[in-house]
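Remarks on the structure that follows.
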Amino acid sequence: MAATSTTLLLFFLLQTLTLGSATVAADKKTYIFRINHLMKPSIFPTHERWYTSPSFSVSTLHIYSTVFHGFSAFLTAERAAALANHPAVLAVFQDRLRYVHTTRSPQFLGLRNRQGLWSDSDYGAEVIVGILDTGVWPERRSFSDRNIGPVPSRWRGTCETGENFPGSVCNRKLVGARFFSRGHDASAFAAGGVGGINDTVEFRSPRDADGHGTHTASTAAGRHVFGASLSGYASGIAKGVAPKARVAVYKVCWKGSGCLDSDILAGFDSAVADGVDVISISIGGGDGISAPYYLDPIAVGAFGAVSKGVFVASSAGNDGPTAMSVTNLAPWLTTVGAGTIDRTFPADIVLGDGRRLSGVSLYSGPAIDGQMYPLVYPGKSGGLPASLCMENSLDPKLVKGKIVVCDRGSSPRVAKGLVVKNAGGVGMILANGISNGEGLVGDAHVLPACAVGSDEGDSLKSYITANPNPTATLAFRGTIIGVKPAPVVASFSGRGPNGLTPEVLKPDLIAPGVNILAAWTDAVGPTGLDSDHRKTEFNILSGTSMACPHVSGAAALLKSAHPSWSPAAIRSAMMTTSNLVDNTLQPVTDEDTGEPVTPLDIGAGHLNLYKAMDPGLVYDMGYGDYVTFLCALEYEPKMIQIITHSPVTCPVKRPLPENLNYPSIMVVFEGAASVNQSKTVVRTVTNVEAAGAGVYKAKVSMVSGKGLAVSVKPGKLVFSPAVNKQSFAVTVTVTAVTAADDAGSAPAADYGYLTWSDGTHEVRSPIVVSRIQPL
């Protein structure tokens, strides 16, 4: 059923008024107002003058004018509800809290010095990458402007000064920096609010007190830095994916306080107005809710950016391996999952019976030196909090002088080590549970410690149970390069299908996101704990937050090499040339199960920039394609205008969402399977070869899908200098109903690949066929 204006208002009222009996009329919260800017009376010279006039009678926090037209204000629910009836108000959102999704990786992507995409793009020298995150530590060598040319003349941004952040810290590399705190400042006064900014640990400036923003910025576009490491781990030359690209930082997230939509939108608005070419946003909702696109400020802000030619990369979230855990679902966003690289940091657990169990660690303090210590698992007798090594849960009499086994979950991994240390433990072993499987990430622990997978954790606990006096020691083995297989899809990486629009495959692709070395802040130690006072120029982190800036940097290189390409063309080039095999030439596997992955895990594949420079064909899209897609979702024109800025008219005949010209193909059947069911989707490809001519032939290979037939018409596409676009249709037909279909136990999706080849290029798209039951 189509959404209506009444539905939107009811959604808003439920968001704002159903707060429980304790809510009183005087309570205030921050609300974001989407305004139809075309209704501005001519008497007002600017939209800002209109928004701050008696017409609205509000004191604004942010004014939005580039990717989004409107303002945010701190109001009572009753006042916000009254303003929702203003004829120029398209929508109202209550401010929502989000969180960041928290070297060798450029080489792992196929980048090589003085050749290929690095050389052809001049390392991204004229491209400006905007980072929406926790700020930057500008003194890091990764942001040096040595041997970098003048700032591009089109740059319109500024270096906003503030606490411990003079304008002199910006340069030809770090071309701009801003910070956005008004949403958090207002929230400090809101009933049930997020509490505002902690000024004892934060800087009222673009300076990074958290480290996450410095890490993502240098991953995307950090300069070459010699002698980089984390206390000897991952030593070598650190560099971002686009080492000469310029960086502009927009601090929208605050240490311990997260990121508010009102500040994120202000960051988007400023970044596009300033003139960035690429936006990297490693932020997502922390509540597992996927709001409709017109009620998702990240989707709305990103649409405004993409419609102005700015590529936007976003993280897929860290709630995998659960199905439908992927976030940032809008089709104009490039959504990035995480994979491993061919580097690890092994640590061994040597048990008293001589067995060795394998784990990982970034511990760099005094070693245990092979001495055997008593081994204890508090969960054996202390209940759930003790098994998780939660604060104040450990009995010092039980753990003092021992290596303590802690279960992963409920509190930060490194915080558990601090609890063990404070209770007198000499070491810690962090054991994954079933939900984390065999997925491991290294941490710079405050005491000798390592992480082990679920299987090794079970072996460890069995050993403790079976032995009256269990003992163990820990051995740290430094950095190992050339690990096989790699990449492997990280167990935490957000997985499909797309819970909001099943016809659009998400994630789009994966990139390196496990144990990534990049620059770090001086404000906090490598664990991020307030009590960790160690200083390090670089840190090693894992998460889709780390994968996202790899794609942002890749977009900067492609934009530099192909200035005329649209954001959709850039994404297409990455997706259709991505890898499906690891460094053993076998299908990429899942860290959680060890089994080959499907497109619901990996999207189109793993980023490969060696091939993305020359994709042959691209699936291009623009403003009109996205509007048609939104019409296909049966959004009312007013809802679509919330996203698009401009009034729209949908066609009388409803278009199909699966016909969005996406580089992946998702075919969704509804209801029970039946023979001869079929569905056809249409795509258009653009030849981007300089020669302009070529003949491509189609090949379909289904990995799974017994009882399905897939045909492509036409099977051959001919391009010439005069004809650079060609369309084709893909039809999926059910030819047989399997026993699994009848029993309702068929896999979540069948899949295969369509590849267009001219003998030189292979332009590959995943085809995913799924079935959903109507509600």
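The values are calculated or read from the model by the stated rules, or taken from the named source; none is laboratory data. From a predicted model like this one, the values you see are computed outputs, not experimental measurements. Quick reminder, even Gly has a Cβ in these numbers, built from the backbone with ideal geometry, and neighbours come from all protein chains shown. The area values use the complete protein model at the heavy-atom level, side chains included, leaving out ligands, DNA and RNA. Shrake-Rupley method; radii C 1.70, N 1.55, O 1.52, S 1.80 Å.
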Under 14 Å from the ARG356 label point (7 Å along Cα→beta-carbon), backbone N, region 447-479: 473-478
Efficiency of FRET from Cβ geometry, SER168 and ASN147, R₀ 22 Å, rounded to 0.05: 0.70
Anisotropy class of region 354-434 from Cα gyration tensor, a/c 1.5 cut: rounded
3J(HN,Hα) from dihedral phi, region 708-724, Karplus parametrisation 6.51/-1.76/1.60, rounded to Hz, x for glycine, proline: 10, 10, 10, 10, 10, 9, x, x, 9, 10, 10, 10, 9, x, 8, 10, 10
Kirkwood-Stokes translational diffusion coefficient of region 423-473, alpha-carbon pairs, 20 °C, 1.002 mPa s, µm²/s: 179 µm²/s
Average accessible area per residue (Å²) across the chain - probe 1.4 Å, nucleic acids and ligands excluded: 37 Å²
Cα Rg over Rh - region 165-322, Kirkwood: 0.97
Cysteines in the chain lacking a second Cys C-beta under 4.7 Å: CYS450, CYS548
Highest-first arrangement of 196-207, 692-703, 589-600, where packing means the average Cβ count within 10 Å: 589-600, 196-207, 692-703
Calculated FRET efficiency for the pair ASP199/SER531, C-beta based, R₀ 25 Å, to 0.05: 0.85
Approximate spin-label separation SER410-ILE43, in nm, with each point projected 7 Å along Cα-to-Cβ: 6.2 nm
Between region 321-356 and region 59-86, the alpha-carbon center distance in angstrom: 40 Å
The chain, accessible surface, carbon-and-sulfur percent (1.4 angstrom probe): 53 percent
Other-chain or far-sequence residues with amide H under 5 Å of GLY525's (modelled H): ASP532, ARG534
Residues LYS400 and VAL700, FRET efficiency given R0 of 60 Å [Cβ-Cβ distance, rounded to 0.05]: 0.40
Ratio of Rg to Rh over region 274-428 (Cα coordinates, Kirkwood Rh, two decimals): 1.14
For region 36-52 and region 681-711, distance of Cα centres in Å: 49 Å
Radius 13 Å from Cβ of ALA367, net charge of other residues (Lys, Arg +1; Asp, Glu -1): -1
Dimensionless Rg over Rh [region 40-80; C-alpha; Kirkwood]: 0.97
Euclidean distance of C-alpha centroids, region 162-187 and region 241-276, integer Å: 10 Å
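Where the only charges are on Cβ atoms (+1 Lys, Arg; -1 Asp, Glu), what is the dipole of region 551-644 about its Cα centre, to the nearest 20 debye?
With only Lys, Arg, Asp and Glu charged at Cβ, the dipole is about 520 debye.
I need the shape label for the chain. Rule: rounded when a/c is under 1.5, else prolate if a/b > b/c, else oblate, with a, b, c from the alpha carbon gyration tensor.
rounded
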Helix-only CD estimate at 222 nm, as mean residue ellipticity for the chain, using -39500 (n - 2.57) per DSSP H run (n ≥ 4): -6000 deg cm²/dmol
